[in-house]
1. Please report, in cubic angstrom per residue, the volume enclosed by the convex hull of the alpha-carbon atoms of chain B.
2. About the Cα centre of segment B:22-107, what is the dipole size in debye to 20, counting +1 per Lys and Arg Cβ and -1 per Asp and Glu Cβ, all else neutral?
3. Evaluate the relative contact order of chain A (contact order divided by residue number), counting alpha-carbon pairs under 8 angstrom at least 6 apart; express in whole percent.
4. Could you tell me the calculated FRET efficiency between B:Ala43 and A:Asp32, based on Cβ-Cβ distance and R0 = 22 angstrom, to the nearest 0.05?
5. Angle check, please: helix A:109-121 long axis (alpha carbons) against the longest principal axis of chain A (alpha carbons), in degrees 0 to 90, nearest 10.
6. Per DSSP H run of n ≥ 4, the term is -39500 (n - 2.57); total these for the protein assembly as shown, divide by its residue number, and report the mean residue ellipticity at 222 nm rounded to 500 deg cm²/dmol.
7. Using a Gaussian network model of chain B whose springs link C-alpha atoms within less than 10 Å, name the residue from B:Leu105, B:Leu32, B:Leu54 with the highest mean-square fluctuation.
8. Within the accessible area of segment B:15-93, what % is carbon and sulfur when the probe is 1.4 Å and the other protein chains stay in place?
Amino acid sequence: MAKVPRNFRLLEELEKGEKGLGADGCSYGLVDSDDVMMSNWNATILGPPHSVHENRIYSLKFHCGDSYPDQPPTVSFISRINLPCVNQYGNVDISKLQRVAQWNRDFTMEKILVALREFMAHPSNKKLPQPAEGTTY
Amino acid sequence: MAALPKRIIKETERLVADPVPGINATPHEDNLRYFDVTIHGPASSPYEEGIFRLELFLPEDYPMSPPKIRFLTKIYHPNIDKLGRICLDVLKTNWSPALQIRTILLSIQALLGAPNPEDPLANDVAQRWKEDEKAAIETAREWTRTHATV
């Protein structure tokens with residue numbers, strides 16, 4: 001298979017995000033619409049239903065380095081959250097997210113968001129006490 | 001990696017052996033479908049004397065699908081957006097497998113010489129182009145001096 005270079009991959013992700021074709025409850029886009037290198041992204045996750053997160057909107061940010069997608073992006077929450085894969089600064093340890101732990105260059109930012117949303121809804125996490133809504137790191 | 005189709009090998013060989021004046025396309029050593037491209041701005045256009053960097057990628061189903069291409073150098077042009085994406089019919093609906101990397105790059109060079117504000121991608125630029133063409137051309141010249149000259 002042809003190996004899609006970083007920038008063309010990010011353009012595909014941008015177009016999918018802009019058209020709102022993303023997965024349920026997740027959205028993402030560039031922080032600066034004229035960032036030619038497309039390194040910094042904002043994202044949101046709508047809290048999954050039947051969990052403490054229901055009706056909350058969580059803001060996150062991604063940074064895609066030069067070696068993305070061979071290497072995963074860095075991900076962090078802007079909104080405060082109590083979740084086992086998120087440290088005290090809001091940084092996400094994606095090796096704790098089963099679906100994306102074994103990183104593969106076909107994975108996308110959307111896949112990480114979906115994995116996070118699932119993790120939030122997981123029976124062991126869905127009742128964890130949460131910081132006040134609207135607080136940030 | 002799978003073997004590179006003959007068509008791509010032939011096109012690449014010809015681009016190197018018989019380059020188009022003012023256009024250079026060099027494949028990456030680690031990905032022969034991914035090219036660094038430079039295009040010289042055409043004479044008597046606002047892009048004259050500018051050297052514009054682009055990147056080009058031949059997707060898996062090339063030449064059934066067109067190459068993907070965008071500007072890396074910032075450029076003020078009604079058919080090119082802030083991320084360097086290009087609005088050009090031959091890259092979209094009018095693509096034909098009979099076209100080649102060479103012909104596409106020539107079309108892009110021609111687009112620099114003939115901006116088309118009636119079919120815009122960068123709406124703010126197209127608007128200004130229609131309202132005050134002289135001022136828009138001056139801005140295009142300035143951007144060329146700032147971003148596209150070494």
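The values are calculated or read from the model by the stated rules, or taken from the named source; none is laboratory data. Everything numeric here is computed off the predicted structure, so don't read it as measured data. Positions of Cβ are generated from backbone atoms using ideal geometry, with glycine treated the same way; all protein chains shown enter the neighbour counts. We work out accessible area using only protein heavy atoms, side chains counted, and drop any ligands, DNA or RNA first. Shrake-Rupley method; radii C 1.70, N 1.55, O 1.52, S 1.80 Å.
1. Numbers: hull volume 16.5 nm³, N = 150.
So the per-residue hull volume is 110 Å³.
2. Values: 9 positive and 10 negative charges, 47 e Å.
With only Lys, Arg, Asp and Glu charged at Cβ, the dipole is about 220 debye.
3. Working: 226 pairs, mean separation 30.2, N = 137.
Dividing the mean separation by the residue count of chain A yields 22 percent.
4. Numbers: r = 34 Å, r/R0 = 1.54.
The calculated FRET efficiency here is 0.05.
5. 10 degrees
6. -8000 deg cm²/dmol
7. Of the options given, B:Leu32 has the highest mean-square fluctuation.
8. C and S atoms contribute 54 percent here.
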